[in-house]
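Right, one structure below, let's go through it.
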Ligand SMILES: Cc1cc2nc3c(=O)[nH]c(=O)nc-3n(C[C@H](O)[C@H](O)[C@H](O)COP(=O)(O)OP(=O)(O)OC[C@H]3O[C@@H](n4cnc5c(N)ncnc54)[C@H](O)[C@@H]3O)c2cc1C
C-alpha cells in the first residue's frame with residue numbers, strides 16, 4: 001500500500017521544526033530514520049496531514065562527551081552508535097546491546113532519537129537509557145526541558161513527550177570504571193524484537209554487589225526498573241542462591257502483557273531465565289574487566 005496524502009516539510013533548524021510542530025500539533029508526524037514511521041504510513045495505520053522530515057537539522061546529529069555526560073543526538077543512526085569508540089569506552093552497555101537492534105539495513109537508517117521517541121516496549125535503547133540513568137532533552141516553542149528516563153516512559157508507546165515537542169538528544173552519565181554492565185534478550189530470531197530482555201549495571205567490590213540497576217523489557221508495556229529484584233541483589237555476593245532470590249523477586253516487579261508471543265506466566269519464566277544467565281555470567285565478566 002501507499003500512504004495517504006500528506007504535506008512534506010523539511011526544516012533546516014530546530015527552531016523551524018518546533019514552529020511547525022506548534023502549528024500542526026497531533027496532525028504532524030516527525031520523520032527521522034523512517035524505519036517505524038514509514039511502514040505505519042504505508043499501511044495507513046496513521047494519516048498525518050504533515051510529515052516533518054528532521055534529517056537536515058545538523059544540531060540533532062552526532063555523539064559527544066561534554067559536561068560530564070555522553071550526548072547522543074536524536075539523529076545519531078544506530079550504526080553510528082554501534083561503531084562509536086566513545087560509546088564503546090563510556091557506555092559499554094549500549095555497545096553490547098546495539099547489535100540486537102534489528103538488522104544492518106534498519107540500523108543504517110534508524111536513529112537513537114526515533115527509538116526513544118517511539119518507545120516500543122521491546123526496544124533495546126529505551127531499556128539501556130533507563131538502566132544507565134540517562135535523560136532526554138525535549139524542545140518546543142515553549143522552551144527546552146530535560147526529563148529523566150525514569151519519568152519519561154509512561155506506557156505502551158506512551159511517553160512524557162508532548163505532540164509539539166521535538167526530542168533533541170539523550171544525555172547519559174558515562175559508566176564508571178568500576179561499573180559492570182550486561183545485556184541479554186530472548187527473541188525468536190536474532191534481530192527480531194525481544195520477547196524478554198534485561199539491561200543491567202552494577203558495581204562490585206571484592207565480590208559484593210552494589211547499586212544494581214536491573215531494567216526488564218519486552219514483556220511489559222514499557223521498560224521496568226525492577227526495584228524489588230534490585231533490593232534482593234544489593235549488598236550480596238554472587239551465588240546461585242542470590243541469583244535465584246533475584247529471579248523469584250521479579251514476581252513483584254513485573255506484570256507481563258498477554259499477547260501472541262506468550263502468556264504472562266511464560267514471559268515471567270523467560271525473564272527469570274534471562275536473569276539467571278546474566279547474573280551467572282557476570283563474575284567471569286568482572287574477572288576479565
Ligand atoms: C524489520 C524491522 C525490525 C526492527 N527491529 C527492531 C529491534 O529489534 N529493536 C528496536 O529497538 N527497533 C527495531 N526496529 C525499529 C527501528 O529500530 C527504528 O529505527 C526505530 O524504532 C525508530 O527509529 P527511526 O529513526 O526509524 O524513527 P522513525 O520511524 O522516523 O520515527 C518513529 C517515531 O518516532 C517519532 N520521532 C522520531 N524522531 C523523533 C524526534 N527526534 N523527536 C520526536 N519524535 C520523533 C516519529 O514521529 C515516529 O512516531 C525494527 C524496524 C524494522 C523495520
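The values are calculated or read from the model by the stated rules, or taken from the named source; none is laboratory data. Not measured: the values here are computed from a predicted model. We place every Cβ from the backbone using ideal geometry, glycine too, and count neighbours over all the protein chains shown.
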inquiry  = Conditions first: (1) within 9 Å of the ligand (Cβ to nearest atom); (2) over 20 Å from residue 222 (Cα atoms). Residue 118 passes all but one, so which condition is the exception?
reply    = (2)
key: Condition met for residue 235 (loosely packed, with under 14 Cβ neighbours inside 10 Å, part of a loop (DSSP other than H, G, I, E, B) and over 20 Å from the mean Cα position of the chain (by Cα))   = yes
Meets criteria (surrounded by fewer than 19 Cβ atoms within 10 Å (Cβ to Cβ), within 16 Å of the ligand (Cβ to nearest atom) and assigned to a loop (DSSP other than H, G, I, E, B)) for residue 189 = yes
inquiry  = With the requirement that a residue be closer than 24 Å to residue 53 by Cβ and not in a helix (DSSP H, G or I), what does the range 67-83 give you?
reply    = 71, 72, 73, 74, 75, 76, 77
ask   = Could you say whether any residue in the range 40-47 is farther than 28 Å from residue 174 by Cα and buried (at least 17 other Cβ atoms within 10 Å of the Cβ)?
value = yes
request  = Tally the residues that are at pLDDT 95 or above and either within 13 Å of the ligand (Cβ to nearest atom) or more than 21 Å from the chain's Cα centre (by Cα) (or both), restricting the search to the range 48-73.
outcome  = 16
message = Among the residues in the range 99-108, are any within 9 Å of the ligand (Cβ to nearest atom), in a helix (DSSP H, G or I), at pLDDT 95 or above and touching a helix residue (DSSP H, G or I) at 6+ places or on another chain (Cβ under 6 Å)?
response = yes
ask   = How many of the residues in the range 223-233 are out of contact with any helix residue (DSSP H, G or I) (no Cβ under 6 Å at 6 or more places or on another chain) and more than 19 Å from residue 93 (Cα to Cα)?
value = 2
ask   = Could we say that residue 76 is out of contact with any strand residue (DSSP E or B) (no Cβ under 8 Å at 6 or more places or on another chain) and either surrounded by fewer than 17 Cβ atoms within 10 Å (Cβ to Cβ) or at pLDDT 95 or above (or both) here?
value = no
key: Candidates 168, 94 - the one that is more than 10 Å from the chain's Cα centre (by Cα) and either at pLDDT 95 or above or part of a helix (DSSP H, G or I) (or both)   = 168
query = Does residue 36 satisfy being exposed (fewer than 15 other Cβ atoms within 10 Å of the Cβ) and either under 26 Å from the mean Cα position of the chain (by Cα) or not assigned by TED's automatic domain parsing to the domain that holds residue 107 (or both)?
reply = no
ask   = Do the conditions hold for residue 182, that is, is it closer than 23 Å to residue 75 by Cβ and either at pLDDT 95 or above or not in a loop (DSSP other than H, G, I, E, B) (or both)?
value = no
